[in-house]
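Since the structure comes first, as structure tokens, the remarks are kept for the end.
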Amino acid sequence: MDSELPALLVLGPPMVFNLFQSHYSHKYRFLNFFSSHLPLPQFLQTQHAHPTSVRAILCNPRQPVTADVIRSLPSLGIVATTTVGADHIDTAECRRRGIQVVTLGSQFAPDVADMAVALLIDVMFKISAGDRFAKKSIHFKPWSFPSGSKLGGKRVGIIGLGRIGGEVAKRLEAFDCIIMYHSRNKNPSVSYTFYSNVVDLASNSDVLVLCCPLTEQTKYIVNKEVMLALGKGGIIVNVGRGALIDEKELVQCLMKGEIRGAGLDVFENEPNVPKELFSLDNVVLSPHAGAITLDCFMDACEHVAKSFDAFFSS
Amino acid sequence: MGSISILLVGKVLPYLEQELDKRYNLFRAIDPSQRAAVLRDHASSIRAVVASSSGGPDAALIEALPKLEIVSSFSVGVDRIDLQKCKEKGVRVTNTPDVLTDEVADLTIGLILAVLRRICECDRYVRSGNWKKGDYKLTTKFSGKTLGILGLGRIGAAVAKRAEGFDCSICYYSRNEKPDSKYKYYPSVVELASNCDVLVVACPLTPETHHIINREVINALGPKGVLINIGRGKHVDEPELVSALLEGRLGGAGLDVFEKEPHVPEELFGLENVVLLPHVGSATVETRTAMADLVLDNLEAHFLGKPLLTPLV
């Protein structure tokens with residue numbers, strides 16, 4: 001019977017929710033708050049769910065878990081988000097009430113790293129442009145140069161050598177790239193060359209890959225100065241956050257040929273993308289899909305389910 | 001050297017054609033219809049033929065050139081050249097190995113990622129404005145998958161090395177098992193296809209490997225399997241491939257080569273699980289220039305009586 005299953009209040013909803021619901025509908029009674037316009041107490045009434053019956057929340061940044069939400073649920077004990085960040089959760093209030101906050105770890109680092117390499121090779125070898133070209137007509141004309149450039153020997157500057165940056169480095173080393181990086185702190189356990197200054201990193205790189213989180217310090221970390229230092233042969237790949245790059249400047253640099261090309265999975269104002277990029281062959285655009293693989297989603301679901309299991313059985 | 005006559009029978013980088021023109025007495029028969037006229041006037045003086053992946057001397061042409069000493073190919077694949085005839089007639093043959101290995105391997109990984117992660121489709125999705133309506137769908141992770149390599153030569157090995165950086169498992173099929181290899185060997189292509197997620201065709205085209213990817217192999221690869229062809233179009237039974245993709249018996253394909261280039265099967269244009277490239281293969285300026293230099297250097301060495309740099313025959 002539905003009422004015997006533990007209630008799970010769902011906010012957001014998380015992108016993985018359809019998958020989660022299809023796999024775990026036998027374990028929870030889902031209260032889909034994300035599709036209601038009512039305030040939480042009224043919503044719970046319509047679901048015949050007493051506020052004290054709600055001990056768990058599943059959420060994502062689309063719908064914040066505010067102090068109000070928390071206070072409406074006196075028995076709340078666990079809040080799980082399908083993201084690494086918890087900015088959308090009032091973690092201070094959770095701490096005060098002893099509510100466990102569960103975030104994702106680095107399950108999706110390989111997928112995001114794969115995306116970074118995919119974008120880089122695509123820009124280097126014009127794969128998407130080639131696919132567009134080949135699918136235009138039943139007889140393709142000679143493909144005009146200049147075209148690609150092999151990865152071997154290219155100097156790749158990684159901005160943010162965390163889990164994702166580390167996975168990118170590992171993959172590109174297999175292509176004989178030379179890895180360098182900029183991070184808040186030098187990492188003594190890696191042998192890659194560290195640059196404390198991003199402009200210096202860019203001056204010495206052929207490729208910049210952005211893998212760091214967005215903070216006050218990293219906003220626009222790639223600005224006009226950095227792009228000019230990277231130079232006309234340089235390529236930028238962004239799998240971090242759109243606002244790591246001064247997007248207006250990036251568009252100008254791409255259109256004027258101040259940099260060679262860019263592979264972008266993230267943008268300043270998603271899902272809006274500067275239209276000027278749509279006519280360029282030296283950019284590859286992706287709809288923030290770095291972690292949107294079935295494997296990744298399944299891992300995220302399992303991680304969350306395990307956390308709930310542990311909570312409900314304790 | 002300006003008086004040495006050379007015949008060009010395949011499409012090559014403009015730089016190469018220009019250099020050949022500068023250094024030699026260059027004749028062209030890239031279009032087969034030009035052949036008769038060139039042979040009529042110059043057959044008895046031609047000492048070298050420059051070939052490429054788009055055209056090479058068959059037995060008839062070799063027979064028609066009594067002074068032919070060397071065929072230098074602007075490619076690593078020599079399926080367009082009648083090697084047996086060259087051997088019989090004592091004609092040397094050179095190709096361009098190694099210089100393009102890295103590029104082709106890089107491109108192969110790029111193609112795999114483009115298919116599995118739907119990179120080209122994602123790019124289309126953004127450019128068309130569809131992202132405003134909703135997120136793109138779930139795609140398939142590449143890292144950790146099993147890669148099957150058909151032909152563990154230079155290119156196959158380079159692909160394997162890169163795939164290991166993605167924690168992929170590697171298996172292969174070759175004419176003969178390689179005792180020094182750490183990868184798992186399968187004695188047949190069907191078994192290889194049955195046991196991998198992505199199958200890469202990286203072997204030379206010979207009569208034995210013609211249509212080596214047939215219906216049986218494609219079915220073994222299956223509805224979740226992906227075929228990547230960076231070899232020659234004739235490695236694959238193209239009509240079978242097309243019907244398998246249309247019917248969903250094969251999960252996806254990344255193709256840089258086609259049976260009847262530059263003809264591309266139109267039925268594949270609308271498929272989001274298919275990436276098509278106009279035979280870019282070794283298409284970097286650096287590589288193609290290096291290949292061109294290798295052709296020129298081999299010819300020069302030959303005419304100076306020095307050892308050939310990259311002889312096949």
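Of the residues making up segment B:69-90, just one is touching a Lys or Arg at 6+ places or on another chain (Cβ under 9 Å), over 25 Å from B:Pro14 (Cβ atoms) and open to solvent by less than 50 Å² (accessible area, probe 1.4 Å), namely B:Cys86. Screening the candidates A:His50, A:His37 for the property of being open to solvent by 70 Å² or more (accessible area, probe 1.4 Å) and under 33 Å from the mean Cα position of the chain (by Cα) yields one hit, A:His37.
Would you be able to say whether some residue in segment A:197-205 is farther than 18 Å from A:Gly165 by Cα, within 14 Å of chain B (Cβ to nearest Cβ), charged (D, E, K, R) and not in a loop (DSSP other than H, G, I, E, B)? Within segment A:197-205, none of the residues are farther than 18 Å from A:Gly165 by Cα, within 14 Å of chain B (Cβ to nearest Cβ), charged (D, E, K, R) and not in a loop (DSSP other than H, G, I, E, B).
Here is a yes/no grid of residues against (1) surrounded by fewer than 21 Cβ atoms within 10 Å (Cβ to Cβ); (2) under 22 Å from the mean Cα position of the chain (by Cα):
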position	(1), (2)
A:Val209	no, yes
A:Cys212	no, yes
A:Gln217	yes, yes
A:Val222	no, yes
A:Leu228	yes, no
A:Ile245	no, yes
A:Cys253	no, no
A:Lys256	yes, no
A:Pro271	yes, yes
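Residues in segment A:275-298 that are more than 16 Å from A:Val237 (Cβ to Cβ) and surrounded by fewer than 20 Cβ atoms within 10 Å (Cβ to Cβ): A:Lys275, A:Glu276, A:Phe278, A:Ser279, A:Asp281, A:Leu294, A:Met298. Going through (1) farther than 30 Å from B:Thr284 by Cβ; (2) surrounded by fewer than 23 Cβ atoms within 10 Å (Cβ to Cβ); (3) in contact (Cβ under 8 Å) with a residue 24 or more places away in the chain one by one, B:Leu61 falls short only on (2).
What do you reckon, is A:Lys170 within 21 Å of B:Leu255 (Cβ to Cβ) and open to solvent by 10 Å² or more (accessible area, probe 1.4 Å)?
Judged against the criteria, A:Lys170 is not a match.
Residues of segment B:170-187 include none that is among the aromatic types (Phe, Trp, Tyr), assigned to a loop (DSSP other than H, G, I, E, B), open to solvent by 10 Å² or more (accessible area, probe 1.4 Å) and within 14 Å of chain A (Cβ to nearest Cβ). Only residues that are under 11 Å from A:Ile221 (Cβ atoms) and touching a Cys at 6+ places or on another chain (Cβ under 7 Å) were counted in segment A:245-260, giving 0.
Of the set (1) open to solvent by 40 Å² or more (accessible area, probe 1.4 Å); (2) over 17 Å from B:Val50 (Cβ atoms), all apply to B:Asp256 but (1). The set of residues in segment B:259-301 that are surrounded by 21 or more Cβ atoms within 10 Å (Cβ to Cβ) and either away from every other protein chain (no Cβ under 14 Å) or assigned to a helix (DSSP H, G or I) (or both) comprises B:Leu268, B:Thr287, B:Arg288, B:Met291, B:Ala292, B:Leu294, B:Val295, B:Asn298, B:Leu299.
The values are calculated or read from the model by the stated rules, or taken from the named source; none is laboratory data. Treat the numbers as computed from the prediction; the structure is a model and nothing was measured. Every residue, glycine as well, gets a Cβ built from its backbone with ideal geometry; the counts of neighbours run over all protein chains shown. Side chains included, ligands, DNA and RNA excluded: accessible areas come from the protein's heavy atoms. Shrake-Rupley method; radii C 1.70, N 1.55, O 1.52, S 1.80 Å.
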